[in-house]
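For reference, the structure discussed in these notes is given below.
Read-outs throughout are calculated quantities, based only on the coordinates presented, and are distinct from any laboratory measurement. Please read these numbers as outputs of a predicted model, since none were measured by experiment. All Cβ positions, even for glycine, are placed from backbone atoms using ideal geometry, and neighbour counts span all protein chains on display.
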């Protein structure tokens, strides 16, 4: 699907892909049971769950024909998605224009945030 702008809200459990046409929005859920791990002293390992590359690939595949992508979310998943895109889907990674931290808003609040974000961007481009 071709679109000018899309916003992806992502955490380790799910991703909301919101187009500026409410009929095209989608929800992708991770099949990996991501749990919060805590690092303990004198133990081997970082205390972090491994990245769910299948989940990130599904999310990136859903925005193949998008011109500009804004990635938002509360934790580290948004950075992991960006890293995954850079390594595995570099053509799509070029379309990610920003990564922003937001908490757990509703889809409507995410879309409103994205519209406010893209308005000055479009103004600078003369759109």
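Scanning the range 101-122 for residues that are surrounded by fewer than 16 Cβ atoms within 10 Å (Cβ to Cβ) and over 22 Å from residue 61 (Cβ atoms) yields a count of 15.
When the helices (runs of 4 or more DSSP H) confined to the range 51-117 are screened for residues that are under 13 Å from residue 17 (Cα atoms), those reaching at least 3 such residues are found at 53-61.
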